[in-house]
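These notes are about the structure you will find just below.
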Amino acid sequence: MRCGTARVFIQETLDGPLSPPDEAMLEAHMAGCEPCRNYRQAMTRVAGALGQMEHVAAPRDFAAAVQFQIGRERNRRRWAPLAAAAAVVVGFVVVRPLMPGGPLQIASEPVAERVVARVAPGIP
C-alpha cells in the first residue's frame, strides 16, 4: 500500500470502521511507515479536538448565501472562455493593422529609426 492510500484509509477510520481486509492492509502498512503513523496520530487529535468544540448554528440565510455564490461562480466560469476568445479577437483586430505589412503600416522602416533620423540627422 502507498502512503496516499493509507492516508485515505486513515481519514475513513475517523468516520467509522474499515472493512476487515482494508483494516488489515492499513495496519500492515502502518507497521513499517512512521510518517503514516504520525499522520494517523495527528488526525486522531484533530478529530478529537473538533468533537469537543461547541456546536455553532449557521445564520438563517447561510445556505441561501452559499447557493447564491455558487450561482455567481458558475456564471463567471460559463463566460470566461467567451471573454478570452473575445480578448484574442479584439487584440488581433487592434494590433494586426499596426504590424509590419498591416494595412495601417506607417512606413517600411521601424519607428525608432525614423525618430532618430529626425532628431539627430547624421547619426547612422
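The values are calculated or read from the model by the stated rules, or taken from the named source; none is laboratory data. Predicted, not measured: the structure shown is a model, and the values here were computed from it. Cβ atoms come from the backbone with ideal geometry, glycine included; neighbour counts cover every protein chain shown.
Can residue 57 be described as assigned to a helix (DSSP H, G or I) and at pLDDT 65 or above?
On the way: assigned to a helix (DSSP H, G or I): no; at pLDDT 65 or above: yes.
Judged against the criteria, residue 57 is not a match.
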Looking at residue 88, is it in a helix (DSSP H, G or I) and either over 30 Å from residue 9 (Cα atoms) or not aromatic (Phe, Trp, Tyr) (or both)?
-> yes
From 28, 49, 24, residue being loosely packed, with under 13 Cβ neighbours inside 10 Å, touching a residue at least 24 places away in the same chain (Cβ under 8 Å), in a helix (DSSP H, G or I) and more than 29 Å from the chain's Cα centre (by Cα) | 28
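Test of understanding: among 116, 111, 89, 94, which residue is among the β-branched types (Val, Ile, Thr) and either at pLDDT 75 or above or within 30 Å of the chain's Cα centre (by Cα) (or both)?
Values: 116 fails: either at pLDDT 75 or above or within 30 Å of the chain's Cα centre (by Cα) (or both); 111 fails: either at pLDDT 75 or above or within 30 Å of the chain's Cα centre (by Cα) (or both); 94 fails: either at pLDDT 75 or above or within 30 Å of the chain's Cα centre (by Cα) (or both).
89 is the lone residue from the list that is among the β-branched types (Val, Ile, Thr) and either at pLDDT 75 or above or within 30 Å of the chain's Cα centre (by Cα) (or both).
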When both residues are 6+ apart or on different chains and their Cβ atoms are under 7 Å apart, which pairs have a first residue that lies in the stretch 60-85 and is at pLDDT 85 or above, and a second that is assigned to a helix (DSSP H, G or I) and among the small types (Gly, Ala, Ser)?
-> none
